[in-house]
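This report concerns only the one structure given below.
Where a number appears in this text, it was derived from the coordinates with a stated rule and is not lab data. Computed from a prediction, not measured in an experiment: that's the story for all the values here. Cβ placement follows ideal geometry from the backbone for every residue including glycine, while neighbour counts extend to all protein chains displayed.
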Amino acid sequence: MKTPKLLTALIYGVCLSATGSAHAETPTLTVFTYSSFTSEWGPGPLIKKAYETRCQCNLKFVGLEDGAALLSRLKLEGNRTSADVILGLDTSLIAEAQATELLAPHDVNIADINLAVTWSNSYFLPYDFGYFGFVYDGEEIQTPPKSLRDLMLNPDSPPVIIQDPRTSTPGLGLILWARKVFGEDDIGAWETFASKIVTVTKGWSEAYGLFLKGEAPMVLSYTTSPAYHRHIENSERYRVAMFDDGHYQQVEVIARLASSKNPTLAQNFLEFMLSNDVQKILPTTNWMLPAVKTGQALPEAFKESEIPKVVLGFTPEEVSANRKNWIKRWLGAVAK
Amino acid sequence: MRILSGVWSGIVVVVFLLIVIGGSITLTAMTSTPVSLSSALTDPYLISVIRFTIGQAVLSTTISVGLALIVTRALARRAKFPGRRLLILLMGLPVVMPVIVAIFGITAVFGKRGLLNELLSLLGVEQSFTVYGLTGILVAHTFFNLPLAIRLLLPAWESIPRENWRLASMLGMSSRQLFRLLEWPSISDRLPGICLVVFLLCFTSFAVVLTLGGGPAATTIEVAIYQALRYDFELNQAALLALLQLSLCTVAALGLLKWFRVFAATSGRKVDARDRPDIHSTIGKATDFFCIGICTIFLLLPITMIFYSGIRGPIYEVISDPILWLASARSLIIAILATVISMLLAMGLIKSVRFLREKTKQQKGAELALTIGSMTVAIPPMVIGTGFFLIALRTHTLAHATLIMIALVNAIMVLPYLLRSISPPYIQAGEQYYKLCRHLGLSGLQRFRLIDWPIIRKPTAFAIGLGGALSFGDMGVAALFDTDGQITLPVMLYHQLGAYQFNEASVTAVFLLLLCVSFFWAINQIIGR
């Protein structure tokens with residue numbers, strides 16, 4: 001009686017593969033993002049869990065090094081990309097990303113968006129934002145500089161570690177920041193400031209790590225950095241110098257791809273990113289401020305006094321048109 | 001035809017390397033609009049970058065290899081002292097460290113708040129030591145390459161047979177004469193190759209140069225390539241710069257090739273430095289241990305600081321994270337794959353190189369093949385990676401071939417280490433036993449098993465251990481290929497740093513280093529004994 005056995009096995013096998021293919025029909029939404037978003041300490045895992053329970057889909061994050069890696073990956077893959085959504089570009093990369101013509105309009109009601117500036121881009125949806133700021137060690141510095149002007153021009157200002165605009169987002173942010181504050185005179189300011197720069201690192205991690213090890217009392221970071229130390233380490237030691245002449249704003253955005261095979265799912269995910277569920281976890285996982293009014297107060301670690309009064313920013317088009325030239329000028333002023 | 005049968009494996013490897021290198025550069029270049037070569041080469045900024053790159057590389061190489069000669073000689077003269085094996089094992093660490101870990105270790109010793117400055121202020125010195133600048137670059141490059149050069153040089157000393165030492169003591173040779181007549185002939189044939197590897201490593205150094213160099217004035221071509229590839233998305237410019245880097249390195253390689261000397265075949269098999277006539281004087285002993293001591297302090301202090309901050313971190317939390325183990329497993333798979341591939345490439349090349357030397361006396365041709373194998377360090381892994389990525393994208397294999405591609409890029413990057421440590425003993429074994437083998441009719445696998453293997457197993461174990469550990473510590477390539485969110489251990493380390501988890505990251509760094517050492521040690525136990 002071998003045949004029935006074989007038959008059972010066959011039927012069983014067919015059934016298995018049938019359920020297998022049924023499984024395969026659960027759509028997968030692929031989201032390209034930067035690695036600290038999707039790492040186990042970032043918001044990625046929480047968002048994945050929350051979204052998968054409501055969408056009947058798989059949410060797959062692909063974590064790349066940083067925003068610039070994200071854009072270059074998108075450009076490399078072109079319309080062959082497996083991404084449905086791209087999450088984590090910032091304002092300085094928007095114009096170039098849009099120029100690839102790989103993106104689809106978001107069609108999301110942006111009335112609730114609550115940035116310090118009005119938002120009108122129809123492809124990119126902001127999901128959180130932050131400000132660049134100089135973080136200092138409270139045990140080393142009692143009276144921090146009061147403005148960027150003060151920091152860069154005052155001969156008594158403290159030594160700082162900054163990042164390279166050629167290889168890092170905050171580094172580029174500072175170039176734009178100085179340009180906004182000093183205009184055409186930024187080069188003079190940089191020349192004066194150069195003697196205060198302990199070193200210029202490849203990325204944020206090198207700079208912040210060296211700062212924590214005491215290599216300099218001040219470092220270029222984000223205004224929300226002290227909130228991390230307060231919230232996680234219960235420490236008041238690290239503070240941010242709030243500047244009267246403003247802080248440069250970094251807005252992080254999400255967009256869906258025109259080539260996506262799951263446009264509805266992608267669209268839903270965009271909306272989900274603006275929902276209360278996601279917005280409320282961003283401050284303490286991504287250490288950025290929610291782009292939508294959540295209706296509830298920020299966690300206690302985030303102080304009102306650490307929200308800049310004066311907000312600075314260039315349009316994506318301005319950044320895209322001038323970035324290279326401004327970096328070149330910066331090199332001329334600082335690299336001697 | 002007979003020549004062809006001896007060199008086919010080498011031809012395959014060389015062609016493969018040329019295709020991979022050329023192909024990845026071409027593919028990368030074809031993806032964007034062309035830039036003009038002449039306008040790029042007359043850019044004063046780029047010219048200053050080139051000048052700086054070469055300058056720091058020459059200085060770093062001179063210092064690293066120069067010091068390595070002194071320390072290695074001391075180590076060779078003191079063939080037995082407590083802790084010698086451990087010291088040599090620990091010397092494998094700097095090379096395999098993720099760059100950011102090394103930076104933290106070096107600044108913990110030489111930085112503003114480092115041990116050195118604390119010592120200076122304790123001694124009442126007002127002026128504090130500043131590492132950022134050319135000093136920082138040289139310190140870091142010496143930290144990475146001095147131990148590497150020592151490890152590559154030591155076998156040369158150890159290959160001097162005891163008969164020679166005995167003869168020398170009968171002739172009453174002085175220490176200087178020993179160096180000139182016995183040691184130099186034995187090391188000088190390896191020196192150009194070692195210089196080349198160190199030079200290429202310093203030439204293509206990136207994050208260290210930027211961070212410890214103190215500012216954008218310290219920019220290497222590799223920085224410009226990264227910028228073009230990542231931030232400007234001018235793939236063409238990146239490819240052009242990669243080509244420029246490759247040509248400059250080729251010029252350097254050809255210069256060293258000219259300096260290359262014919263192998264001095266030594267006879268006799270028993271090797272023991274204790275037969276040296278010049279090791280018994282007190283002054284000799286004192287200077288040797290002084291050199292070894294200084295070198296040990298220089299290398300071990302930063303390593304100790306890394307371990308120290310790791311021990312104070314949240315060890316349990318980090319170790320109990322399942323992702324750490326998944327990432328380690330993935331890193332291990334990549335390391336093993338990369339080592340196997342690299343070993344195949346290296347043996348294919350070395351076999352033909354020896355054949356060329358034995359049968360056709362084509363010394364230069366043989367060295368040229370080895371040089372091509374070493375040049376792979378001169379290609380930025382990101383460019384090779386981008387090329388591979390484009391291939392995978394066009395052949396729709398991206399989702400399946402990720403692991404293989406990461407391994408392949410790593411294999412190509414570690415190939416020079418394998419070549420430089422396996423080829424000298426393998427060729428020497430050939431020269432020494434060629435006639436014997438012909439007499440006995442030994443050839444092929446039999447010859448390999450009976451004659452070559454016993455001689456090359458130790459250096460092979462070293463090379464495999466080093467190559468594996470290096471691929472284990474790799475970061476750039478793995479992050480480039482991510483398609484499914486699976487991470488390697490170094491990527492996890494960067495995740496922690498990016499999430500303000502600096503204490504956790506220091507634990508992970510120690511964990512990573514311990515795994516690298518264990519891998520290295522295990523390979524040496526299995527193969528090298």
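Across the stretch A:154-264, C-alpha contacts under 8 Å between residues 6 or more apart give a mean separation that, scaled by the residue count, equals a relative contact order of 29 percent.
In the stretch B:283-427, Rg over Rh equals 1.11, where Rg is the alpha-carbon radius of gyration and Rh the Kirkwood radius from pairwise Cα distances.
Counting only other residues whose beta carbon sits under 10 Å from that of A:PHE269, what net charge do I get with K and R as +1, D and E as -1? Value of the local net charge: -1. Summing Lys and Arg as +1 and Asp and Glu as -1 over all other residues whose Cβ lies under 15 Å from the Cβ of B:GLU118 gives a net charge of +1. Measuring spread by the Cα atoms of chain B yields a radius of gyration and Dmax of 23.4, 75 Å. Under the combined filter of DSSP loop state and at most 14 neighbouring Cβ atoms within 10 Å, the stretch B:56-109 retains these trypsin sites (Lys or Arg not before Pro): B:LYS80. In the structure shown, the pairs A:LYS180/A:LYS280; A:LYS324/B:LYS112; A:LYS213/A:LYS280; A:LYS146/A:LYS180; A:LYS146/A:LYS303 are assessed against 26 Å; a Cα-Cα span above that value is assigned to A:LYS180/A:LYS280; A:LYS324/B:LYS112; A:LYS213/A:LYS280.
Structural size metrics of the stretch B:390-529, computed from C-alpha coordinates, are Rg and Dmax of 20.0, 67 Å. Cα convex hull, the protein assembly as shown: 199 Å³ per residue, rounded to a whole number.
Counts of other chain beta carbons within 10 angstrom of each beta carbon in peptide A:209-219 average 5. Grouping the Cα pair distances of chain A into 20 Å bins from zero gives a pair-distance distribution of 29, 52, 14, 4, 1 percent in increasing distance order.
For chain B, averaging the sequence separation of C-alpha pairs within contact (under 8 Å, six or more residues apart) and dividing by the residue count gives a relative contact order of 24 percent.
Using only alpha carbon pairs under 8 Å that are at least six residues apart, calculate the relative contact order of chain A and give it in whole percent.
Over chain A, the number comes to 25 percent.
Distance distribution P(r), the stretch A:111-199, all Cα-Cα pairs, bin width 5 angstrom from 0: 3, 11, 19, 22, 17, 12, 9, 6, 2, 0 percent.
With N as its number of residues, the stretch B:387-439 has a Cα radius of gyration that, divided by 2.2 N^0.38 Å, comes to 1.90.
Which loop-located trypsin sites (Lys or Arg not before Pro) does the stretch A:171-213 contain, where loop means any DSSP state but H, G, I, E or B and the Cβ has at most 13 other Cβ atoms within 10 Å?
Nothing satisfies the criteria.
Could you work out the helix-only [θ] at 222 nm for the protein assembly as shown, with each DSSP H run of four or more residues adding -39,500 (n - 2.57) and the total divided by the number of residues, to the nearest 500 deg cm²/dmol? -20000 deg cm²/dmol, from helical runs alone. Looking at the stretch A:60-116, which GluC sites (Glu not before Pro) are DSSP coil and have at most 11 other C-beta atoms within 10 Å of their C-beta? Sites meeting the loop and neighbour criteria: A:GLU101.
Please work out whether the stretch A:217-336 counts as rounded, prolate or oblate from its C-alpha gyration tensor, where a ≥ b ≥ c are the square roots of the eigenvalues and a/c under 1.5 means rounded, while otherwise a/b larger than b/c means prolate and anything else oblate? It comes out oblate by the Cα gyration axes. Among rounded, prolate and oblate, which fits the stretch B:50-143 when a ≥ b ≥ c are the square roots of the eigenvalues of its C-alpha gyration tensor, a/c under 1.5 means rounded, and a/b larger than b/c means prolate? The shape class here is oblate.
Principal axis analysis of the Cα atoms in the stretch B:145-206 yields extents of 51, 17, 16 Å, listed in decreasing size.
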